[in-house]
Amino acid sequence: QATTAPVLQLVDVRKIFGDFAAVDGINVDIKEGEFVTIVGPSGSGKTTLLRMLAGMESPSQGYITLRGELINDVPADKRPTCLVFQSLALFPHKTVGENIEFPLKVRKMPAAERKARALELMRMVRLPESYYSKNVMRCSGGEKQRVALARAFAYDPDVLFFDEPLSALDYKLKKVLEKELKDLHRESGKTFVYITHSLEEAMVMSDRVGVMSRGRLVQIGTPEEIYTKPATRFVAEFFGEVNSFEVKRDGDGDWALGDGRAIIVAPVGEAIGDTATVIVRPETMRFVTGPSSADNLITGKIYNEYSLGSRMQYQVHSGERIYLVEAARTAVAGISAGDTVTIGWDASDAIVVGD
Ligand code: ATP
């Protein structure tokens, strides 16, 4: 359970390469025992940020503190932290046991004690005991990942950093390990800071998700907050396609679309004449037959349909606009391309975001 004391504090942290700010002023407190994931597209500065946290780079400006101590220039091996990454850096000709015991050997722990601890860590990462003497190169990708994780825990770090550790694994294994990592986080009580470009991965595992764009942290919050209250269209679109409308606030307090129609949204504070982007997720739009209490109703024609497995997505054309509607397959039986349909959504599902 996370307490309120920050273990890591970042104050206006920047990393400048030449005249380019790869990390451009990050402020965040990470609490003891938290699982924080930073997501962002390629080049947004995630790796650079993590390298500063792990001690492989120093910030150009700002402060990083660990339990209140300034660590800006403390090298990686002098920090009570450990980095787990995709290219695992395991010792290829050694056994699983030798790999896991490496940090313990460096600390001169006696052999018998080392082995007991290694076996304990193997249990924790769900590796069978028989793997202790197995050459690590004969392990599968997922097993190697578990070995790397057990070795990271052998350092007994205060904070574990993860740099896309699952990105090389196949989808099914990735899904299994995501949940196992979350379980491991719970069981160990350690602070985890994880970076990935996959929001899906971030959502499954994390207490809080930070979204990075161009060196800045655009938003940080619980998965629920990031999903239901995205600060910007960029954050909203990280979850996949959205319906978005550029709108202007009218005298009735609604948001005018510019084609004579308006979108009704839940009350927000903007003044008349203000412009904004309103997004509506495809899964909160629904097909309406008969009388409806939906705040917004639009009639259009289904141009195409896409199967997403258990869900279906429809492209609906209405005037100049294209709407995306997504629903459970079972809820849309009998609806198909070419049909004229009415789609509806509620004011509370129309989210006003910044530009
Ligand atoms: P990816 O998901 O592709 O790994 P990222 O979000 O981790 O991307 P970074 O690797 O942190 O992004 O890179 C951020 C930006 O900083 C990129 O434009 C990159 O080219 C630049 N950059 C990173 N390291 C250096 C360096 N040593 N010298 C110059 N520019 C760098």
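The numbers here are math on the coordinates, done by the rules we state, and not lab data. Bear in mind that the values here come from a model prediction, so they are computed numbers and not experimental data. As a convention, Cβ positions derive from the backbone with ideal geometry for all residues, glycine included, and neighbour counts pool all protein chains shown.
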Inset, instruction - Average the reciprocal distances over every distinct pair of alpha-carbons in the range 196-330, invert the result, and give the Kirkwood radius in Å. - result: 16.8
Legend entry - In the range 255-342, GluC sites (Glu not before Pro) in a DSSP loop with at most 12 other beta-carbon atoms within 10 Å: GLU320
Inset, instruction - Express the relative contact order of the chain as a whole percentage, based on alpha carbon pairs under 8 Å and six or more residues apart in sequence. - result: 15
Inset, instruction - Count the net charge of all other residues whose Cβ sits under 10 Å from the Cβ of TYR131, scoring Lys and Arg as +1 and Asp and Glu as -1. - result: +1
Inset, instruction - Putting +1 on Lys and Arg Cβ atoms and -1 on Asp and Glu Cβ atoms, find which of LEU257, THR37, ALA118 reaches farthest to the positive end of the dipole of the chain. - result: ALA118
Inset, instruction - Count charges around VAL96 for me, please; just the other residues with Cβ under 12 Å from its Cβ, Lys/Arg as +1, Asp/Glu as -1. - result: +3
Legend entry - Normalised contact order of the range 45-178, rounded percent, pairs of Cα under 8 Å and 6 or more residues apart: 31
Legend entry - Within straight-line cross-link reach of LYS115, aspartates and glutamates at Cα separation under 12 Å, skipping those fewer than 8 residues along the same chain: GLU98, GLU101, GLU129
Inset, instruction - Taking only the C-alpha atoms, wrap a convex hull around the range 1-140 and report its volume per residue in Å³ as a whole number. - result: 158
Inset, instruction - Report, in deg cm²/dmol and to the nearest 500, the calculated mean residue ellipticity at 222 nm for the chain, where each DSSP H run with n ≥ 4 adds -39500 (n - 2.57) and the sum is divided by the residue count. - result: -7000 deg cm²/dmol
Inset, instruction - Quote the charge dipole size of the chain about the Cα centre in Debye, to the nearest 20; the model charges only the Cβ of Lys and Arg (+1) and of Asp and Glu (-1). - result: 1820
Inset, instruction - For a label point 7 Å from the Cα of THR299 along Cα→C-beta, name the residues of the range 323-355 whose backbone N is under 11 Å from it. - result: 340-343
Inset, instruction - Kindly provide the pair-distance distribution of the range 6-235 built from C-alpha pairs, with 5 Å bins from 0 and whole-percent values in order of increasing distance. - result: 1, 7, 14, 18, 19, 16, 12, 8, 4, 1, 0, 0
Legend entry - Cβ-based charge dipole, the chain, positive-most Cα from VAL204, PRO59, VAL84: VAL84
Inset, instruction - Output the pairs from LYS15/LYS248; LYS15/LYS175; LYS46/LYS229; LYS78/LYS182; LYS31/LYS144 with a Cα-Cα distance over 31 Å in this structure; if there are none, say none. - result: LYS15/LYS248; LYS15/LYS175
Legend entry - Neighbourhood charge, 11 Å Cβ-Cβ cut-off, centred on TRP345 and excluding it, Lys, Arg +1 and Asp, Glu -1: -2
Legend entry - Distance from the range 207-221 to the range 75-147 (C-alpha centre basis), Å: 32
Legend entry - Bins of 5 Å from zero: percent of alpha-carbon pairs in the range 184-252: 3, 14, 24, 21, 14, 10, 6, 3, 2, 1, 1, 0
